[in-house]
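Inspection log for the structure reproduced underneath, given as structure tokens.
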Amino acid sequence: MSAAGPSEGFPTELVREDLRGFAGYSSARTSAPGVPARIWLNANESGDPSAADPGGASRRYPDPQPAELVEAFADLWAVTPDRVVVGRGSDELIELLVRALCRPGGDGIVICSPTFGMYEVSARLHGVPVTDVPQLDDGLTWRVDTAAVARAAREKGARVVFVSSPGNPTANVVPLREIASLADELADQAVVVVDEAYGEYAEQRSAVTLLEEHPTLVVLRTLSKAHGLAGARVGIALAHPELATVLRRVQAPYPVPVPVARLALAALTPEALAATRERVNATLRRRDHLCHRLRHLDGVRAVYDSEANFLLVRHDDPDALLRTLASAGIVVRDVRHHPGLADAVRITIGTDDEMTALDTALGEIDR
């Protein structure tokens, strides 16, 4: 690991006042005395393994934050382990940030539509107001107006700002200089969360490189996309150590099951990471080919530039497009419920065979 400790502390006044001294649930794994143990009788686990798990690998409760996995993520992102919080996908980490920083019925979050729906869902479930600063659409790409975001956060007293980069469903990135400026502008009031679920597909380097100088910045990453482990539900938050401690305290016990931790560790070996890079490169080649194909397809009004593993497409008759693809057994994402996307669909980049099948189905539209 190359990172040193943070130069500035995290402003604890950004944490909900009623949670600043909150210790969280004391589980059997975290409350055991720090002495060598031979027999564990403190968690009411079964004394014998399940027939489904004869080796007993999952008989005991797991470490809430498996040390080996935390270390592996820290090595991957060149940060100290105390900055890493592992959760049940990015979804849980989004919820933890809202829970820890926003008073129910007060404070607030800022989003930039069209964007990932879980930011608003998490806020609504906690009774937290949502302010939307819509992205700007120039017909080829989308842009987050970070100056407008900062103004809205000030006016509304927002405590968390969510920025998706690359965006979903917009597939655009927010320049790092703008993220840094936004974090600086709101450093005394709000945490800026950069969701990099699709970061492996982007040309821009990760906002993790900004963490050292920006204590109120948080970066979310996941194994669900490029790493091919959506079913395992593994996400991480990379944050200032003091905020990371708060997030762990408000997290439900045992968020990382034993089989999931093992699978995640296997995905972070040098061999697995090399294979992931190869898959990413193959995906980018297929994406660019499909982009060219769609831009010459009858009825397509726009195909937005993408730095993710999908394309956002506007169509004259999205219902007809969806029906044509469905008749070929192909399901794409109808995103017309998003603000400003009344004519749009989102198409994920699949395997070579899947893209060939998609190309054949699209040929029916050209006839």
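DSSP beta bridges confined to the stretch 139-254 are antiparallel in about 30 percent of cases. Annotation: peptides 86-98, 292-304, ranked by per-residue average of other Cβ atoms within 10 Å with the highest first, follow the order 86-98, 292-304.
Take every Cα pair under 8 Å whose residues are at least 6 apart in sequence, average their separation, divide by the length of the stretch 272-366, and the relative contact order is 27 percent.
Take each peptide in 108-116, 148-156, count the other Cβ atoms within 10 Å of every residue, and average; sorted highest first, the result is 108-116, 148-156. For the chain, DSSP calls about 60 percent of its internal beta bridges antiparallel. Dividing the summed helix terms, -39500 (n - 2.57) for each DSSP H run of n ≥ 4, by the number of residues in the chain produces a 222 nm estimate of -10500 deg cm²/dmol to the nearest 500. Farthest towards the positive end of the charge dipole of the stretch 62-268, among the residues 189, 256, 236, is the Cα of 256, using unit charges on the Cβ of Lys, Arg, Asp and Glu. The packing ranking of peptides 173-186, 250-263, 48-61, highest mean first, is 173-186, 250-263, 48-61, where packing means the average number of other beta carbon atoms within 10 angstrom of each residue. Net charge dipole, the chain: roughly 680 debye, given to the nearest 20, about the Cα centre with Cβ charges of +1 for Lys and Arg and -1 for Asp and Glu. Summing Cβ point charges (Lys, Arg +1; Asp, Glu -1) relative to the Cα centre of the stretch 272-366 gives a dipole of roughly 340 debye. Label separation (residue 181 vs residue 205): 2.0 nm, computed from points 7 Å beyond Cα along the C-beta direction.
Quick note: the coordinates plus some simple rules give every number you see, no bench work behind them. For clarity, every value in this text was computed on a predicted model and none was experimentally measured. Every residue, glycine among them, receives a Cβ derived from its backbone with ideal geometry; neighbour counts consider all protein chains shown.
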